[in-house]
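Q: The structure that follows is given in the form of structure tokens.
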Amino acid sequence: MAKKVLAVDDSKTMRDMVSFTLSGAGFEVILAEDGAHALSVLNGQSVDLVITDVNMPNMNGIELVGKLRENPLYKTVPILILTTESDDSIKGQGRAAGATGWIVKPFVPDKLLKVVAKVCP
Amino acid sequence: MLPSMQDDPFYQFKVTFFEECDELLGNMESYLTDLEEGDHDSELLNAIFRVVHSIKAGAGAFSFERMVNFTHRFEFLLDKLRDGSMTVDDTIVRVLFDSNDVLVDLVDFARNGAETPREFGAHELAKIEALINGESLPEEGALPAAAGSAVPEVEGEKSKAGTDAGSKVFEIDFSPKPSLFQHANEPLLIIRELSGLGDLKVSLDSSMIPELHVMEPEKSYFTWTFELNTEASRDDIDEVFEFVVDDCDLTIVEKDCTGKITGVDVTAASDLGDDDFGFFVNEEDLPGNQASSNQSAEPTVDQEDDDDFGFFVDVDAGEVEAGVQTNDENSKSYKADSLPVEAPASSEATASVKQSSMPQAPVPQTANAPVAEKPTSVAKVSSIRVDIDRVDKLVNMVGEIVITHSMLASELTVLQEDRQTSLGSGIEEMSMHIRELQDNVMAIRMQPVKSVFSRMPRIVRDVSKKLDKKVKLVTEGENTEVDKTVVEELADPLTHMIRNSLDHGLETPDERIAAGKPAEGKILLSAEHRGGRIVITIADDGRGINRPKVLELAKEKGVVEESQVLSDEEIDNLIFAPGFSTADEVTDLSGRGVGMDVVRRNIQSLGGRVSVVSEPGVGSRFQLTLPLTLAVLDGMVVGVGEQKFVIPINNIIETLRPEKEAIKTLVDGTHVIKVRGEYIRLVETRKTFSVLNAETDLSKNLVVLVEADGDRTIGIVVDKLSGQQQVVIKSLEANFGRVEGIASATILGNGSVCLILDIDGLADMDSSNQSDTAHYLKSNMLSSGISSDVSENEAAQ
């Protein structure tokens, strides 16, 4: 069965590209526009991986990671945060919240797949 | 869009990206305007930041380098504002506006595939840099010495350490901490990844496993020693441990084939969260699993605190970093290449995942492989972008179905006895479905007027600056939806009218103060749905229309005869006369050869109306009334003699059969009807359109009372009502020509062409008759001393 990935980004371009790349690699992709939306989209269903942007309205990526880790269901789900090369502190914040790893923007499909493969083979 | 973009594998994403940019930049205008008006709310700053941030992310993905460079610094400035290390002031707001302009252009350059001029945006970038560095802004026009180089090249740093040739042996000691598991990392995956790099020998030290009864499920009791024989570089090894380097004790020693130590170790050790647990890994799963008991150090001694396990340790980022030691240049730590503020944007940045081969990577890396399948589950809010032509075709086809359906339905009426059959009920049901289909298809074309409204703050800002006027633009109802074509056609008239309001309507601050008004003028731009139409209002609190001047000009231009006496409303409406401009001089703001007559013509061609109400010294209010869609219409089919007409349902107030006494004839032969004490002018379609064989006795006719815009009511005289129907609008102008009093045409079920009445047009025709009539009456009645008020005309007869 295809692994299920939740991709969270407020930019449609990014959602489209992440979704395209991952579905091309055989993942089932669920999309959400921000942290709050992600939680409602998840609605208790299990996923194999979460990829989230940091800067988003309503609930940012760091908060989302924290929320997910609070839930026993998502305690062991790998969570990757999308950061940009300039916000190094985000990695620290992401770690603190419980993120598994990070992907540095700009988006490059091969890079994404490679990092995904690291945590969710 | 360049044709070559079609071959671009990212083409479709780029299209999305540019549309997204438009949307984001559209919002940006209003955000910045809010900021300018003193709203320094952190949410607003966040929203502004996100605009630039999102554009930067997309620009990076598509390698729009100039955009990346610019957004990178722009974002940095915004970040400083956001985190409070800089505060918003007028200078900054100005720079933000200018930077936004640059960004808009950069997006356009990228969209058009045009090369961005080398120094484009350099000045703004310099201003941003100056602000960031707390320096005074560079002079206008003075470009930094090396403008080109002020723009950091975006070419990604080439990967730092090249792949070392030849095979090497790495000895790696790895002992996870519980925090590793709390971050949902998996030693197993790391081991697999390592084994993908070469020959891997794994030894497991399980000596730390306590007695079963004291074992804590969330602790880590294992440590591993790996011996990796590989051609991969040190960087590749580091990369494997990239995510866990802070969550484990790690020692990497590089040896050459002879076993001599050539590289030095990295010990990335965080002393935090030292609780171990190890239940995620099955020993059996490990390749080459061997227990070895010679591990000397006990990795978890220091901070082992049994009470900590099971919770997600709140690791402070700072402390995590503090625990990392970088011993050697060779030991590419992850902190080493973290971008300092001044570093150029690097497309191959910190994570530095390089192109090393991963032959055994479990996930097929086929990003560009054509994959048709869609994700099986998508977010509830999802959308696709469709070529508007396709939607138009769809709309057209639905129109044809509607016509075919009404044809079938009318055939059915002929076969009276079959009314109750399945054919009858089928057609009945079909009509419901068609109706729904039509609504849905039309809804595809609907979009909020926001996309046009959002351009206006910019115009107001620019124009008011040029004119030295203070203006506040208030917009309302920007989420009101109308057909896409209507939205598009609105841009020019709105721009023109807003410019007019600024230029002619509003006074200068001094004049305003002298007139006892606040120095800052106000322009209201609002949209609302009203009875199946959209009403757009542009109102200002300026000086109002200068009637004496308008009249004088009109007479000068021969629009009005020297002797003519006009009411205030009539004078106000003169501004719509062709070739009429009230500007004292032709500035670059107004007088571009486009006058209100063009605005009116544009609006009318959309089936809309424009009206103006003005009061000297108080302000003017323009109102545009437009149909929501240009494709279908709910109409009442009426019969007049041999002819059928459609009256738009939205205009109809009521239908009545007139009493003979209620109808009065005016001296010129036109009729009025008295309804509940009011006189309403009758339009005899029979006469207006010269219909043959129509009923001439008014008392045997029906009168459909309709409301034209401007709250004018007229009565349309018809022979009979044939029923209510949705009709597909076909342009009469495109197929035949313009006919006064007729808005457009449609095709009825029986295939006959039927004309749709233009109620406002009829009311206008009528009112011009009326004003002629009124003049006529006036001159006739002067002698008898009777007022010209229509309701009293009957007394004169």
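The values are calculated or read from the model by the stated rules, or taken from the named source; none is laboratory data. Since we're looking at a predicted model, the values are computed, not measured. Using ideal geometry, Cβ is built from the backbone for each residue, glycine included, and neighbour counts are taken over all protein chains shown. Calculation scope for accessible area: heavy atoms of the full protein, side chains included, ligands and nucleic acids excluded. Shrake-Rupley method; radii C 1.70, N 1.55, O 1.52, S 1.80 Å.
Q: List every residue pair whose Cβ atoms sit under 7 Å apart, with the two residues 6 or more apart in sequence or on different chains, where the first one lies in region B:221-240 and is more than 21 Å from B:K177 (Cα to Cα) and the second, anywhere, is open to solvent by less than 10 Å² (accessible area, probe 1.4 Å).
A: From region B:221-240, the pairs are B:L228/B:F170; B:L228/B:I172; B:L228/B:L194; B:T230/B:F170; B:R234/B:G263.
Q: Shifting gears a bit: Identify, from the list B:D572, B:D568, the residue that is closer than 19 Å to B:S620 by Cβ and surrounded by 16 or more Cβ atoms within 10 Å (Cβ to Cβ). Let's see the steps before the verdict.
A: Values: B:D568 fails: surrounded by 16 or more Cβ atoms within 10 Å (Cβ to Cβ).
None of the other options fit; the residue is B:D572.
Q: In this structure, is B:E242 part of a strand (DSSP E or B) and out of contact with any Pro (no Cβ under 7 Å at 6 or more places or on another chain)?
A: On the way: part of a strand (DSSP E or B): no; out of contact with any Pro (no Cβ under 7 Å at 6 or more places or on another chain): yes.
Judged against the criteria, B:E242 is not a match.
Q: Report whether or not A:V116 is at the interface with chain B (Cβ under 9 Å from one of its Cβ atoms) and within 13 Å of the chain's Cα centre (by Cα).
A: On the way: at the interface with chain B (Cβ under 9 Å from one of its Cβ atoms): yes; within 13 Å of the chain's Cα centre (by Cα): yes.
Criteria met by A:V116.
Q: Also, quick follow-up: Can you confirm whether B:S425 is surrounded by fewer than 15 Cβ atoms within 10 Å (Cβ to Cβ) and either in contact with a Gly (Cβ under 7 Å, 6 or more places away or on another chain) or closer than 30 Å to B:T413 by Cβ (or both)? Step through it out loud before you land on a result.
A: Details: surrounded by fewer than 15 Cβ atoms within 10 Å (Cβ to Cβ): yes; either in contact with a Gly (Cβ under 7 Å, 6 or more places away or on another chain) or closer than 30 Å to B:T413 by Cβ (or both): yes.
Criteria met by B:S425.
Q: List pairs: first in region A:97-111 and more than 7 Å from chain B (Cβ to nearest Cβ), second of a type in the set (D, E) and open to solvent by 10 Å² or more (accessible area, probe 1.4 Å), Cβ under 8 Å, 6+ apart or cross-chain?
A: Sorted first by the residue in region A:97-111, then by its partner, the pairs are A:A97/A:E63.
Q: Return the pairs, sorted by first residue and then second, in which the second residue is charged (D, E, K, R), the first residue lies in region B:421-447 and is in contact (Cβ under 8 Å) with a residue 12 or more places away in the chain, the beta carbons are less than 7 Å apart, and the residues are 6+ apart or on different chains.
A: Qualifying pairs under 7 Å: B:G424/B:D418; B:R445/B:D483; B:R445/B:K484; B:M446/B:E481; B:M446/B:D483; B:Q447/B:E481; B:Q447/B:K484.
Q: Mind counting the residues in region B:634-663 that are farther than 13 Å from B:S722 by Cα, open to solvent by 60 Å² or more (accessible area, probe 1.4 Å) and in a strand (DSSP E or B)?
A: Residues flagged as farther than 13 Å from B:S722 by Cα, open to solvent by 60 Å² or more (accessible area, probe 1.4 Å) and in a strand (DSSP E or B) within region B:634-663 amount to 1.
Q: So is A:V50 facing chain B (nearest Cβ under 8 Å) and without any contact (Cβ under 8 Å) to a residue 60 or more places away in the chain or not?
A: Working: facing chain B (nearest Cβ under 8 Å): no; without any contact (Cβ under 8 Å) to a residue 60 or more places away in the chain: yes.
It is false that A:V50 is facing chain B (nearest Cβ under 8 Å) and without any contact (Cβ under 8 Å) to a residue 60 or more places away in the chain.
Q: So, one more: Scan region B:687-701 and give yes if some residue there is more than 19 Å from B:N650 (Cα to Cα), open to solvent by less than 10 Å² (accessible area, probe 1.4 Å) and not hydrophobic (A, V, I, L, M, F, W, C), otherwise no. Quick ask: steps written out before the conclusion?
A: Let us first name the residues in region B:687-701 that are more than 19 Å from B:N650 (Cα to Cα), namely B:687-701.
Next cut, open to solvent by less than 10 Å² (accessible area, probe 1.4 Å) only: B:701.
Now restrict to residues that are not hydrophobic (A, V, I, L, M, F, W, C): B:701.
Yes, the conditions are met somewhere in region B:687-701.
Q: Of all the residues that make up region A:44-101, how many are under 17 Å from B:H53 (Cα atoms) and under 11 Å from the mean Cα position of the chain (by Cα)? Step through it out loud before you land on a result.
A: Our first condition is that a residue be under 17 Å from B:H53 (Cα atoms); within region A:44-101, this holds for A:52-62, A:81-91.
From what is left, the residues that are under 11 Å from the mean Cα position of the chain (by Cα) are A:52-54, A:61-62, A:81-83.
Residues that pass the stated criteria total 8.
Q: If a residue must be over 12 Å from A:V54 (Cα atoms) and more than 7 Å from every other protein chain (Cβ to nearest Cβ), how many such residues does region A:71-96 contain?
A: Number satisfying all stated conditions: 5.
Let's see how each residue does on (1) within 21 Å of the chain's Cα centre (by Cα); (2) not small (G, A, S):
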| residue | (1), (2) |
| --- | --- |
| B:E43 | yes, yes |
| B:H53 | yes, yes |
| B:K56 | yes, yes |
| B:R82 | no, yes |
| B:V93 | no, yes |
| B:A114 | no, no |
| B:G121 | no, no |
| B:K127 | no, yes |
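Q: I've got another one for you. Here is a list of conditions, (1) open to solvent by 50 Å² or more (accessible area, probe 1.4 Å); (2) more than 30 Å from B:I427 (Cα to Cα), and B:L762 meets all of them except one; can you say which number that is?
A: (1)
Q: Let me ask another. Among residues belonging to region B:501-517 that are small (G, A, S) and open to solvent by less than 30 Å² (accessible area, probe 1.4 Å), point out the one that is nearest to B:T537 (Cα to Cα). Please lay out each step first, then the result.
A: As a first pass, look at region B:501-517 and keep what is small (G, A, S): B:501, B:505, B:514-516.
Keeping just the survivors that are open to solvent by less than 30 Å² (accessible area, probe 1.4 Å) gives B:501, B:505.
Numbers: B:S501: 12, B:G505: 15 Å.
The extreme case among them is B:S501.
Q: Just the residues that are touching a Leu at 6+ places or on another chain (Cβ under 9 Å) and either more than 9 Å from every other protein chain (Cβ to nearest Cβ) or open to solvent by 40 Å² or more (accessible area, probe 1.4 Å) (or both), please, taken from region A:55-70.
A: Filtering region A:55-70 for residues touching a Leu at 6+ places or on another chain (Cβ under 9 Å) gives A:56, A:59, A:61, A:64, A:67-68.
Once the filter is applied, which keeps residues that are touching a Leu at 6+ places or on another chain (Cβ under 9 Å) and either more than 9 Å from every other protein chain (Cβ to nearest Cβ) or open to solvent by 40 Å² or more (accessible area, probe 1.4 Å) (or both), region A:55-70 yields A:M59, A:G61, A:L64, A:K67, A:L68.
Q: Considering only residues that are touching a Ser or Thr at 6+ places or on another chain (Cβ under 6 Å) and under 17 Å from A:S11 (Cβ atoms), which ones fall in region A:86-121?
A: Result: A:I90, A:V104, A:K105, A:P106, A:P109, A:L112.
Q: Identify all residues within region B:465-487 that are in a loop (DSSP other than H, G, I, E, B) and either among the charged types (D, E, K, R) or surrounded by fewer than 15 Cβ atoms within 10 Å (Cβ to Cβ) (or both); write none if there are none. Talk me through it step by step, then tell me what you get.
A: Filtering region B:465-487 for residues in a loop (DSSP other than H, G, I, E, B) gives B:468-470, B:477-480.
The answer is B:D468, B:K469, B:K470, B:E478, B:N479.
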